[in-house]
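The values are calculated or read from the model by the stated rules, or taken from the named source; none is laboratory data. Here the structure is a predicted model, which is why all the values come from computation and not from measurement. All Cβ positions, even for glycine, are placed from backbone atoms using ideal geometry, and neighbour counts span all protein chains on display. Heavy atoms of the whole protein, side chains included, go into the accessibility calculation; ligands, DNA and RNA do not. Shrake-Rupley method; radii C 1.70, N 1.55, O 1.52, S 1.80 Å.
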Amino acid sequence: MRLSIYNTLKRKKEIFEPLNPPHVGMYVCGPTVYGDAHLGHARSALTFDLVFRYLKFLGYKVRYVRNITDVGHLENDADEGEDKIAKKARLEQLEPMEIVKYFTDRYHANMDALNIQHPSIEPTASGHIIEQIEMVKTIFDKGYAYEAEGSVYFDVDKYSQDYDYGKLSGRKVEELLENTRELAGQEEKKNSFDFALWKKADERHIMQWKSPWSKGFPGWHMECSAMSKKYLGETFDIHGGGMDLLFPHHESEIAQSNAAQGKDAVRYWMHNNMITVNGQKMGKSLNNFITLNEFFSGKHEALQQAYSPMTIRFFLLQAHYRSTLDFSNEALQAAEKGMNKLFAAYDLIEKLPDTKSSSVDIAKYRDLCLKAMSDDFNSPVLIAHLFDLVKVINQVNDKKETLSKDDIVTLKQIFDDFLITILGIKSEKSTDNTQVVDYLMQTILDIRQNAKTNKDWATADKIRNDLNKLNIQVKDTKDGASWSFR
RNA sequence: GGUACCGUGGCCGAGUGGCUAGGCGGAGGUCUGCAAAACCUUACACAGCGGUUCGAAUCCGCUCGGUACCUCCA
């Protein structure tokens with residue numbers, strides 16, 4: 001089965017064919033570390049975690065690069081702008097690198113909680129100033145940039161005579177000229193849509209480096225171009241990021257690469273859609289975002305309860321990465337319940353009774369799951385197939401359907417591959433002291449059974465209710481009681 | 001204003017020409033001391049109006065409504 005990927009550049013799905021199989025190079029725009037990660041950051045990281053996991057599952061050797069932006073971009077494009085990290089550092093009276101370290105650590109902790117695998121390389125912008133300066137020089141030497149007052153700007157007008165500026169976002173240079181708003185401090189630029197490759201810093205700007213043009217800092221599109229080239233080469237397979245980065249960030253990256261090397265760097269552009277709150281984008285500028293730590297603790301006025309990392313992960317995976325996803329407590333609670341149901345069935349697989357023959361075609365589900373994932377990483381359809389299997393598992397358990405020993409093994413393998421390995425959903429139950437807990441529970445349930453035999457309902461119900469408070473669910477069946485963590 | 005996109009049942013959310021998506025919630029039933037879980041049955045849908053077609057949620061046009069990007073933002 002061939003993998004197809006929606007390529008933003010072509011606005012359609014394309015069969016994925018890596019440049020140098022079995023190797024795949026993937027670059028994803030990571031966070032600017034000046035605040036806690038919110039649900040939107042999780043979606044981006046998770047989208048490409050899914051891509052990373054599935055490509056590896058298909059046998060590719062993936063080099064996944066996700067950057068940490070620690071230089072800070074200007075709050076606006078005007079000369080007097082201050083970068084966000086520097087501003088935070090000033091307000092907190094800390095070194096910029098203390099801010100960077102603090103939020104990088106917190107970002108990593110959040111991503112680990114969400115069971116997001118680490119990228120192969122996680123380069124920082126501040127660690128690649130030399131590479132960025134080199135690339136600016138190259139662009140300058142090729143005539144696609146100009147210097148003004150110590151800053152270097154990309155000459156979009158010149159570039160668009162030789163290349164197609166706007167091919168990713170569908171914009172046209174003439175229209176940009178008419179529509180771009182006038183901002184203060186842009187007198188240095190030839191045109192309002194030109195963007196900075198290097199920016200001269202004033203004295204109070206804390207983060208600055210020497211360059212041929214001035215003491216300053218790189219423009220905000222440079223790091224991705226320079227670092228992807230360093231680690232993935234001039235041309236690589238996949239570049240990902242949030243849809244809000246499409247323009248101008250990714251459009252400018254394309255321009256920089258073409259200007260520097262005369263050819264495109266990226267073969268497949270992938271963009272995840274936004275999380276919305278009441279239909280509106282969740283974002284820093286709108287100040288309507290909920291951080292991941294707030295979700296995990298439930299401490300936010302918009303949250304009715306705490307939501308575990310796996311609930312968040314499952315919730316996000318229930319929507320396709322290219323659709324907007326609306327946040328609500330109701331939707332999150334539905335996801336939580338659905339996931340628990342999925343896990344209850346998963347735990348049941350190994351206890352299923354086997355028979356000589358099967359009444360259900362299990363093998364076809366494996367193909368259906370592969371088909372879903374190979375169709376532009378369609379995790380919601382994959383999850384729907386897994387829920388169909390949940391029904392099968394429960395029916396076999398109720399002896400309404402039958403499965404052979406081999407098919408039970410296949411079934412287990414499907415869940416291990418697709419739920420655990422590819423979707424990356426893992427059980428959040430504590431697995432400590434399992435044997436002891438099993439023994440204790442058996443004892444307690446025996447006592448309860450005695451009470452039930454004696455029609456001592458008060459004791460039987462007290463045991464059940466008290467266990468409920470510990471999130472232990474008691475299930476009475478014909479063959480006696482069983483239990484599970486909720 | 002320009003560019004891109006979206007409008008699916010109570011909620012979330014798949015589906016790009018014909019076959020039940022799925023989850024949560026609702027209703028009825030089986031099981032049960034009761035409950036839960038599970039199982040069975042079931043109701044509720046494709047923004048509106050035209051067009052193409054044997055056939056459209058799916059293609060085309062118009063209308064209405066919404067979102068994102070165009071200043072940093074996943």
* Asked: Against the longest alpha carbon principal axis of chain A, how many degrees, from 0 to 90 and to the nearest 10, is the axis of helix A:129-141 turned?
  -> 50
* Sites A:GLU188 and A:LYS337, calculated FRET efficiency, Cβ-Cβ separation with R0 60 Å, nearest 0.05 -> 0.55
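Using +1 on the beta carbon of Lys and Arg, -1 on that of Asp and Glu, and nothing else charged, what's the dipole of chain A about the Cα centre, debye to 20?
1700
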* **FRET efficiency, A:LEU440 to A:ILE15 (Cβ-Cβ, R0 60 Å, nearest 0.05)** => 0.65
* Structure fact -> Expected unfolding gain across A:SER4-A:PHE247 under the 0.36 nm per residue rule, minus the alpha-carbon gap, is 85.1 nm
* Asked: Magnitude of the Cβ-charge dipole of the stretch A:276-422, K/R +1 and D/E -1, about the Cα centre, nearest 20 debye?
  -> 120
* Normalised by the number of residues in the stretch A:434-485, what is the relative contact order in percent for Cα pairs under 8 Å and 6+ residues apart? -> 20
* To do: Return the distance in nm (one decimal) between the two label points of a simple spin-label model at A:THR477 and A:LYS405, each offset 7 Å from Cα along Cα→Cβ.
  => 2.1
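Do the alpha carbons of any pairs in A:LYS10/A:LYS229; A:LYS101/A:LYS158; A:LYS61/A:LYS391; A:LYS56/A:LYS356; A:LYS84/A:LYS299 sit beyond 29 Å of each other, and which pairs?
Listed pairs above 29 Å: A:LYS101/A:LYS158; A:LYS61/A:LYS391; A:LYS56/A:LYS356.
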* To do: Give the distance, in whole Å, between the Cα centre of the stretch A:217-247 and the Cα centre of the stretch A:408-486.
  => 49
* Asked: Which distance in nm do the two modelled labels at A:ASP202 and A:ASP157 give, with both placed 7 Å along the Cα-to-Cβ direction?
  -> 2.8
* On average, how much accessible surface per residue is there in the stretch A:200-299, in Å², for a 1.4 Å probe, leaving out ligands, DNA and RNA? -> 39
* **Dipole in debye (nearest 20) - the stretch A:11-272, about Cα centre, beta carbon charges: Lys, Arg +1; Asp, Glu -1** => 1020
* A:LYS284: which aspartates and glutamates have alpha carbons under 14 Å from its alpha carbon, excluding same-chain residues fewer than 8 sequence positions away? -> A:ASP36, A:GLU75, A:ASP244
* What value, in deg cm²/dmol to 500, does the helix sum -39500 (n - 2.57) over DSSP H runs of n ≥ 4 give at 222 nm once divided by the residues of chain A? -> -13000 deg cm²/dmol
* Asked: Given the Cα-Cα distance of A:ASP398 and A:MET97 and 0.36 nm per residue of separation, how much length would full extension add, in nm?
  -> 102.4 nm
* Asked: Relative contact order of chain A: what whole-number percent is it, with Cα pairs under 8 angstrom and at least 6 residues apart?
  -> 16
* Asked: Taking K and R as +1 and D and E as -1, what net charge do the other residues with C-beta under 13 Å from the C-beta of A:ARG448 add up to?
  -> 0
* From the residues A:LEU382, A:SER126, A:ALA45, which one has its Cα farthest along the dipole of chain A in the positive direction, the dipole being from +1 and -1 charges on Cβ of Lys/Arg and Asp/Glu about the Cα centre? -> A:LEU382
* Longest exposed-loop-site-free stretch of chain A, with GluC sites (Glu not before Pro), DSSP loop and at most 12 other Cβ within 10 Å? -> A:302-486
* Structure fact -> Relative to chain A, whose Cα atoms define the longest principal axis, helix A:363-374 and its Cα axis are tilted in degrees, nearest 10, by 20
* Computed over chain A, Cα set: Rg, Dmax in Å -> 27.0, 92
* Please state the relative contact order of the stretch A:237-355 as a whole percent: Cα pairs under 8 Å, 6+ residues apart? -> 22
* Asked: How big is the gap, in Å, between the Cα center of the stretch A:358-393 and the Cα center of the stretch A:265-310?
  -> 28
* Helix axis angle, A:405-414 relative to chain A longest principal axis, alpha carbon, degrees -> 30
* To do: Would you mind calculating the gained length between A:ASN288 and A:THR459 on full extension (0.36 nm times residue separation, minus the Cα-Cα distance), in nm to one decimal?
  => 56.7 nm
* Which one of A:ALA113, A:THR32, A:SER225 has its Cα pushed farthest toward the positive end of the charge dipole of chain A, where Lys and Arg give +1 and Asp and Glu give -1 at the Cβ? -> A:ALA113
